[in-house]
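Some notes on the structure that comes next.
The values are calculated or read from the model by the stated rules, or taken from the named source; none is laboratory data. Computed from a predicted structure; not experimentally measured. With ideal geometry, Cβ positions are generated from the backbone for all residues, glycine too; neighbour counts draw on all protein chains shown. Keep in mind that these areas ignore ligands, DNA and RNA; they rest on the heavy atoms of the full protein, side chains included. Shrake-Rupley method; radii C 1.70, N 1.55, O 1.52, S 1.80 Å.
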Amino acid sequence: MYWQPEQERISRSELAQLQLERLQATLYRVATHVPFYRRKFKELHIDPDGFKSLDDLRSLPFTYKQDLRDNYPYGLFAVPLRDVVRLHASSGTTGQSTVVGYTQNDIKNWSDLVARIMTGAGVTKDDVVQIAFGYGLFTGGFGLHYGSERIGASVIPISSGNTKRQLRIMRDFKTTTLVCTPSYALLMADVMEENGISINELSLKFGLFGGEPWSEAMRNEIQDKLAISATDNYGLSEVMGPGVAGECQERHGLHINEDHFLVEIINPETLEPAAPGDLGEIVITTLTKEAFPVIRYRTRDLTRLLPEPCPCGRTFTRMERVMGRTDDMLIIKGVNVYPSQIEAVLLEVEGTKPHYQIVVERQGRLDKITVMVEVIEAIFFDQMKKQRQFIDLIKHRLATELGIGVDIKLVEEKSLERSEGKAKRIIDKR
Ligand code: DLL
């Protein structure tokens, strides 16, 4: 049920007190040990000792990904390297990579927080957990690995890739819990089908998926194909990695580990707090990190808080599944759209497969968007007229749900690139 029941069911008033104390300690730590924060606080006349209320948080400066890049590799560390026992880094596909570090104590906390999420999803020491996230500088593999070991589950550290071997091991080792990105889970389901492996040969019960946005329709698809209960978990390397938030078995929003992370939802344009329950960017302040604390980190991830109490008994606030990153937002004919919204609409249509890509091109001064979606053979090889009708149906659904018209291109099954990690949904040709 719970991994750390006392913490996970802490009263809201005790939590607020704990958060304040931990925030004060964190501010003291960064002001003392990180020149970047010391300088910023000085510029803004912030006295870390003068922090008396969580409401004061708003007076603190934001931290941006660019700040991490500017301080590459170790400039934002709050402890000497001799106290750092682990380093991870982001891939840096869009620029200089960013490096984060962990003390022994950070690793212990990280393991416990991931253990909470795994326990919340239903995993126990009796489970066999196959970790098909990449091991390496990416935080997914090691993060889930340490959490699984912490609860005493049997861990298979297979890493990502070599899908046929994944399935063979899944069958032979009697894996009960699959851990990877949702798109890799789907790829596994497809390869299973292709190789005539029946779900009855497997022992799967749970799937813990994260690392990229996915829709409820995608969850249903994965749950059906793999006969599992699938939960979502969220995190980012700059803040820790996986372990920031995860769904319990209610599967209605992700509990945020609020005793370790202080979150705000802001309007990314005005930078003001979003109205309660409104969609906005989640901004995170770490409360216990020693090696790499961050203050008001601009995640670029969009979500909203669900403040109603959860029937599971955890008192931590839930956040809705992350809809996408502000960087991935498309502006189609003046309307803001995220790939996950398009996904949700596509998958509702009978005959589509859960594989799609959004191609963005420049046409004159406007952006042109074409959604490529895989469809079942019957539709792909249908007469032109029927195909036309099918395309019109999708266009109509998108127009009703999102208020936009886009071009749709039907493609044959298995023609779009598959992903063993995070799927690439947008092909930007501009
Ligand atoms: O993806 C950490 C992680 C690994 C989380 C495994 C969960 C499971 P990064 O590579 O730094 O770290 O990427 C972080 O991925 O800012 C989100 O945009 C996105 N992301 C992560 N989890 C989710 C999720 C890891 N459950 C970035 N839903 C984040 C939607 C997610 N997006």
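Here are VAL84, VAL99: which of them is touching a His at 6+ places or on another chain (Cβ under 8 Å), open to solvent by 20 Å² or more (accessible area, probe 1.4 Å) and at pLDDT 95 or above?
VAL99
Tally time: how many residues in segment 320-379 are among the β-branched types (Val, Ile, Thr) and open to solvent by 50 Å² or more (accessible area, probe 1.4 Å)?
2
Mind counting the residues in segment 33-50 that are part of a helix (DSSP H, G or I) and at pLDDT 95 or above?
Qualifying residue count for the region: 10.
Which ranges mark the strands (runs of 3 or more DSSP E) fully within segment 166-267 that have 3 or more residues being under 21 Å from GLN4 (Cβ atoms)?
It comes to 206-210, 229-236, 241-247, 254-256, 261-266.
Looking only at segment 87-96, count how many residues are under 19 Å from the mean Cα position of the chain (by Cα) and either part of a helix (DSSP H, G or I) or modelled with pLDDT under 95 (or both). Walk me through it before giving the result.
Kept after step one, since they are under 19 Å from the mean Cα position of the chain (by Cα), are these residues of segment 87-96: 88-94.
Remaining after also requiring either part of a helix (DSSP H, G or I) or modelled with pLDDT under 95 (or both): 90-94.
The total comes to 5.
Can you confirm whether segment 203-211 contains a residue that is near the ligand (Cβ under 9 Å from one of its atoms) and open to solvent by 10 Å² or more (accessible area, probe 1.4 Å)?
yes
Conditions (1) assigned to a loop (DSSP other than H, G, I, E, B); (2) open to solvent by 50 Å² or more (accessible area, probe 1.4 Å), marked per residue:
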residue	(1), (2)
GLN7	no, yes
GLN17	no, yes
ALA31	no, no
LYS52	yes, yes
ASP56	no, yes
GLY75	yes, no
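Looking only at residues in segment 400-414 that are assigned to a loop (DSSP other than H, G, I, E, B), open to solvent by less than 70 Å² (accessible area, probe 1.4 Å) and of a type outside the set (Val, Ile, Thr), which one is nearest to the ligand (Cβ to nearest atom)?
Quick first cut of segment 400-414, residues assigned to a loop (DSSP other than H, G, I, E, B) only: 403-406, 412-414.
Still in the running and open to solvent by less than 70 Å² (accessible area, probe 1.4 Å): 403-406, 413.
Among the residues that remain, those that are also of a type outside the set (Val, Ile, Thr) are: 403, 405, 413.
Numbers: GLY403: 23, GLY405: 27, GLU413: 26 Å.
Per the stated criteria, the residue is GLY403.
Quickly run through segment 319-341 and pick out the residues that are among the β-branched types (Val, Ile, Thr), within 15 Å of the ligand (Cβ to nearest atom) and outside any loop (DSSP other than H, G, I, E, B).
THR326
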